[in-house]
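First up is the structure itself, then whatever we jot down about it.
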Amino acid sequence: MKEAVQARPRTAEPDGSARRASATAPAPSAASSPKAAPPAPAGGTEIIESLYAKRIEIYPRAKIGDSLGWFQKWRWAMVWATQVVFYGLPWLAWNDRQAVLFDLAARKFYLFGLILWPQDIVYLTGLLIISALSLFLFTAVGGRLWCGYACPQTVYTEIFMWIERRIEGDRAARMALDRAPWSARKLALKSAKHAAWVAVALWTGFTFVGYFTPIRELAASVARFGTGPWETFWILFYGFATYGNAGWMREQVCKYMCPYARFQSAMFDPDTLIVTYDAARGEPRGTGARNRRERGLGDCVDCGLCVQVCPTGIDIRNGLQYECIGCAACIDACNYVMDKAGLPRGLIRYATTNSLREHFGARTILRRIFRPRVLVYGGILLAVTAALVAAIALRVPLKVDVIRDRGALAREVSDERGAPWVENVYRLQVMNTTEQPRTYALAAHGLPALAIGSEPRFEVPAATTLSVPLRLRAPAEAVAPGSHRIEIEVRAVDDPSIAVREKTTFLGLRR
């Protein structure tokens, strides 16, 4: 969507920083275009052009008016929802253990009543496919909804900015504090802010590690300064990443580090709902709410509040830009101003490129949302989700691997009457994936008079893998030389529905 996604022109300042060009700035000429080499100055003077743009500090406003707007309330609802889950989930208990625990040392993933092993990698694959398809679907329908409401970078930046506002004040107070010379008050406020940031970051790192090490044990180790080297490293590393990304880099991560901002244009189309400014209604801009039509002005009063509330510091009136994370803070600010000016809401709103060009109504926009791309994404997502749910629901909590004994492929033995029998030796790797010990019974099928020469029953502790020796016998006259297909059945004694059959071979002796 070339007409919707465009980079904002910038011009270099003498100090190497970047200055945003206004929407009405003239296009650069061929001589000043970056692609065209400038003519060599007279006298051989060397021109040095800096490629580094100094970061411009952004001071986003928390709210316009006495309360948060509709979209900002939704953002904070998502902040609360995601962080209650993230910080609270490791403390939940399930069957006398942590409800969600990724035990890498034991190679077990505990998800409430479900225990996943390395052999269950297919479920992780399905979950990743569902996540990718969901991102494609939501982006095709509503733009960068993930970025604006649920991305960890967005969520933690919002938390850190809330701390900053509580300590240093809102936008004007923070700007005045940064411009003021260093004093005891400024040092105290800055120190308190960074101390709170570090505390949140370290608690976040601690919680993250708590998903891989039982969090109650981890808390006891932290209290006595007895954490292991890897636990210490990851707590500090994840805490440092949270502190740096949410406290210092903020919008820089979204602009320059996140790849999603770069390929979002490939996922948009003219019927994707995006945060847009209605230029046909808003231009030309001008201050004052009275007699705007008589003065030949549009509805935009040029207050600049849409820029002040933007967490990435862009002007949405310049069109859709890759820096826009779709948080819709500018919509809330503009609607507030429109209410105060007595003008209709929706100058900045969620709309599509086609709706702005063709002046579609809400019903037409909604109807065009269900277009082939969205239907395909939705259908595949529904099918993959249903398949994953069915696979987990029908999953047998028992896994069996049959391994032949390489030292004795087949041998002749005698029974108690001295009759010759052919015996094959196997080793079974039996995995009990439930959280209770189970007793299993063995059976073999595929040859006449095939019998089990070892113990036919065995017990496997809860969530454990056990190696079980197995000897199968058959009368020598009933087994022809060569290889014979057989099946070994392992069945739970207390629950016949838990059963697995594995195919293998039984070798006859050549005479």
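The values are calculated or read from the model by the stated rules, or taken from the named source; none is laboratory data. For clarity, every value in this text was computed on a predicted model and none was experimentally measured. For neighbour counting, all protein chains shown are included, and Cβ atoms are generated from backbone atoms with ideal geometry for every residue, glycine included.
Could you tell me whether the stretch 82-93 includes any residue that is under 30 Å from residue 176 (Cα atoms), at pLDDT 90 or above, out of contact with any Pro (no Cβ under 6 Å at 6 or more places or on another chain) and assigned by TED's automatic domain parsing to the domain that holds residue 216?
no
Which count do you get for residues in the stretch 369-426 that are in contact with a Ser or Thr (Cβ under 7 Å, 6 or more places away or on another chain) and over 30 Å from residue 491 (Cα atoms)?
Within the stretch 369-426, residues that are in contact with a Ser or Thr (Cβ under 7 Å, 6 or more places away or on another chain) and over 30 Å from residue 491 (Cα atoms) number 1.
Given the criterion under 22 Å from the mean Cα position of the chain (by Cα), surrounded by 11 or more Cβ atoms within 10 Å (Cβ to Cβ) and under 21 Å from residue 387 (Cβ atoms), identify the matching residue among 114, 89, 128, 101.
Only one candidate passes the filter, namely 114.
Is it true that residue 378 is surrounded by fewer than 18 Cβ atoms within 10 Å (Cβ to Cβ), on the phi > 0 side of the Ramachandran plot, in contact (Cβ under 8 Å) with a residue 40 or more places away in the chain and not in a strand (DSSP E or B)?
no
Any idea which of (1) exposed (fewer than 13 other Cβ atoms within 10 Å of the Cβ); (2) within 25 Å of residue 107 (Cβ to Cβ) is the one residue 510 doesn't satisfy?
Only one criterion in (1) exposed (fewer than 13 other Cβ atoms within 10 Å of the Cβ); (2) within 25 Å of residue 107 (Cβ to Cβ) is unmet by residue 510, namely (2).
Could you please find all residues in the stretch 390-408 being in contact (Cβ under 8 Å) with a residue 60 or more places away in the chain, hydrophobic (A, V, I, L, M, F, W, C) and part of a strand (DSSP E or B)?
Once the filter is applied, which keeps residues that are in contact (Cβ under 8 Å) with a residue 60 or more places away in the chain, hydrophobic (A, V, I, L, M, F, W, C) and part of a strand (DSSP E or B), the stretch 390-408 yields 398, 400, 402.
Return a yes/no flag: does the stretch 217-228 have any residue that is part of a helix (DSSP H, G or I), surrounded by 19 or more Cβ atoms within 10 Å (Cβ to Cβ) and in contact with a helix residue (DSSP H, G or I) (Cβ under 7 Å, 6 or more places away or on another chain).
Scanning the stretch 217-228 turns up at least one residue that is part of a helix (DSSP H, G or I), surrounded by 19 or more Cβ atoms within 10 Å (Cβ to Cβ) and in contact with a helix residue (DSSP H, G or I) (Cβ under 7 Å, 6 or more places away or on another chain).
Scan 187, 177, 202 and give me the residue that is buried (at least 18 other Cβ atoms within 10 Å of the Cβ) and either on the phi > 0 side of the Ramachandran plot or free of Cβ contacts under 8 Å to residues at least 60 places away in the same chain (or both).
None of the others qualify; the one that does is 202.
Being in a loop (DSSP other than H, G, I, E, B) and within 19 Å of the chain's Cα centre (by Cα) is the filter; apply it to the stretch 239-289 and report the residue that is surrounded by the fewest Cβ atoms within 10 Å (Cβ to Cβ).
For the stretch 239-289, the residue satisfying everything is 259.
Got at least one residue in the stretch 445-455 being outside any loop (DSSP other than H, G, I, E, B), farther than 18 Å from residue 485 by Cβ and either of a type in the set (A, V, I, L, M) or touching a residue at least 24 places away in the same chain (Cβ under 8 Å) (or both)?
There is no residue in the stretch 445-455 that is outside any loop (DSSP other than H, G, I, E, B), farther than 18 Å from residue 485 by Cβ and either of a type in the set (A, V, I, L, M) or touching a residue at least 24 places away in the same chain (Cβ under 8 Å) (or both).
Determine if the stretch 418-431 includes at least one residue that is exposed (fewer than 13 other Cβ atoms within 10 Å of the Cβ) and either not small (Gly, Ala, Ser) or not assigned by TED's automatic domain parsing to the domain that holds residue 462 (or both).
yes
Just give me the residues in the stretch 463-511 being among the aliphatic types (A, V, I, L, M), part of a strand (DSSP E or B) and under 17 Å from residue 425 (Cα atoms), in sequence order.
Passing the criteria: 466, 468, 470, 472, 474, 486, 488, 490, 507.
Within the stretch 106-121, does at least one residue satisfy the condition of being among the β-branched types (Val, Ile, Thr) and modelled with pLDDT under 90?
Checked against the condition, which is being among the β-branched types (Val, Ile, Thr) and modelled with pLDDT under 90, the stretch 106-121 yields at least one hit.
Quick one: which residue in 299, 315, 339 is surrounded by fewer than 17 Cβ atoms within 10 Å (Cβ to Cβ), acidic (Asp, Glu) and at pLDDT 90 or above?
The match here is 339.
Hey, does the stretch 134-148 have a residue that's outside any helix (DSSP H, G or I) and surrounded by 14 or more Cβ atoms within 10 Å (Cβ to Cβ)?
yes
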